[in-house]
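This report concerns only the one structure given below.
The values are calculated or read from the model by the stated rules, or taken from the named source; none is laboratory data. Keep in mind it's a predicted model, so treat the numbers as computed, not measured. Virtual Cβ from ideal backbone geometry, glycine too; neighbours counted across all protein chains shown.
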């Protein structure tokens, strides 16, 4: 395995836990970079590429969720394992929303830690979750993807938000001849234009004020492997022109550099935009489109994969119940019917979040209708016995009991604002101490 693909960044302010994590990672044959806090970790992310991050949730200076958000800006979709105590379980859920792959509850055994590390760093579940399918169209798409994966063709993955574009890109990389080389992901929508150029192409020391040392760009870090340009439709016209040159010449110009640097990378781009419409309206270069769209793949929305809704729901329920040490056997018939009939405008991401929260809230081994979310899921209300208002209040009441009246924590679990909970309680004459 290439050295650049087996380095794990461990972030924890507890010296004993940091030492234990280092030992576990080293036993697996990976190199380790240690950081005592998130600020130091973010600095070290600039120094060298890593294949995974392991981070505690509760640390001084910056909490785990904020750290993951900042790490995503620097390292794209790098796998992240979160370590959390029961008291911060809601933060772990928020970390998953920010892009963490998995979390491990304290206290844990050495074997549990090793299994979690191996699962996240190899990425079997995350890379294949959305490839679970009984839909013939998706089966054909996966077969087609397997064919193109072994080539070096540039791939453009199209689809609505939440359909699994990034996971399909990772599947292509892992089944390609470049799988033992780095996969470097860049979220073009998350990085400001004035920083994206230096992130992609790098810069030389002294190239501009604040450039105190040379920075290696993502294209160079991906040398021999794959670069994933996520949400390419958000890229500015100026950077589109520079990217086009890179694709044509297979070399990058560092900011302040004297000569171009050759790169050998396979490019995969994703977008939820209609690029042909963007071209027509003058926001996307037609020549760049044809450079990227050598092999286009269109991911269908979940509403066109209705036979997969329950399949994926069961998968997510089992995964999250195992994480939370719960025994969830599945869904009641009413809950399953409601899942199957929902339009899922947010696609698989929305389905996953809904099931995740439902597992967290569920108090029996079957997830029922009243375990679903209240806001943003009003389509569930028609099949509920009693009024929607009664269902909402029951769910709010149970969640507040579970959080000992902490409205902030309850809001995080329910996926709503604290103001929404307060307003609902005031409307119905209920009161809980403000915590």
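Things worth noting here:
- Residue satisfying condition, being surrounded by fewer than 21 Cβ atoms within 10 Å (Cβ to Cβ) and in contact with a strand residue (DSSP E or B) (Cβ under 6 Å, 6 or more places away or on another chain), within set 73, 58, 22: 22
- Restricting segment 120-138 to residues that are at pLDDT 70 or above and closer than 19 Å to residue 314 by Cα, the residue that is surrounded by the most Cβ atoms within 10 Å (Cβ to Cβ): 138
- In segment 246-263, residue nearest to the chain's Cα centre (by Cα) [restricted to those that are surrounded by fewer than 18 Cβ atoms within 10 Å (Cβ to Cβ) and closer than 19 Å to residue 275 by Cβ]: 247
- Which listed residue, of 39, 68, is over 26 Å from residue 224 (Cβ atoms), modelled with pLDDT of 85 or more and surrounded by 23 or more Cβ atoms within 10 Å (Cβ to Cβ): 68
- Here residue 144 does not qualify as surrounded by 15 or more Cβ atoms within 10 Å (Cβ to Cβ) and either within 16 Å of residue 267 (Cα to Cα) or not assigned by TED's automatic domain parsing to the domain that holds residue 71 (or both).
- Applying a threshold of 6 Å to beta carbon distances and a minimum spacing of six or more residues, or different chains, the list of pairs starting in segment 411-432 at a residue that is in the same structural domain as residue 401 (by TED's automatic domain parsing) and buried (at least 17 other Cβ atoms within 10 Å of the Cβ) and ending at one that is assigned to a helix (DSSP H, G or I) and at pLDDT below 70 reads 412/90; 413/90.
- Segments classed as helices (runs of 4 or more DSSP H), wholly inside segment 1-86, with at least 1 members that are without any contact (Cβ under 8 Å) to a residue 24 or more places away in the chain: 15-27, 38-47
- Considering (1) modelled with pLDDT of 95 or more; (2) farther than 22 Å from residue 188 by Cβ, the lone condition that residue 316 does not fulfil carries the number (1).
- Among the residues making up segment 204-238, those that are closer than 30 Å to residue 277 by Cβ and surrounded by fewer than 16 Cβ atoms within 10 Å (Cβ to Cβ) are 236, 237, 238.
- When the test is whether a residue is surrounded by 19 or more Cβ atoms within 10 Å (Cβ to Cβ), modelled with pLDDT of 80 or more and more than 15 Å from the chain's Cα centre (by Cα), residue 52 does not pass it.
- Segment 199-222, residues that are touching a helix residue (DSSP H, G or I) at 6+ places or on another chain (Cβ under 9 Å), part of a loop (DSSP other than H, G, I, E, B) and in contact (Cβ under 8 Å) with a residue 40 or more places away in the chain: 207, 208, 211
- Annotation: residue 117 fulfils all but one of (1) closer than 26 Å to residue 24 by Cα; (2) in contact with a helix residue (DSSP H, G or I) (Cβ under 7 Å, 6 or more places away or on another chain); (3) modelled with pLDDT of 75 or more; (4) surrounded by fewer than 19 Cβ atoms within 10 Å (Cβ to Cβ); the unmet one is (4).
- Residue within segment 166-183 that is within 28 Å of residue 67 (Cβ to Cβ), part of a strand (DSSP E or B) and at pLDDT 90 or above present: yes
- Set 87, 100: member being in the same structural domain as residue 116 (by TED's automatic domain parsing), surrounded by 23 or more Cβ atoms within 10 Å (Cβ to Cβ), more than 20 Å from residue 225 (Cβ to Cβ) and at pLDDT below 90: 100
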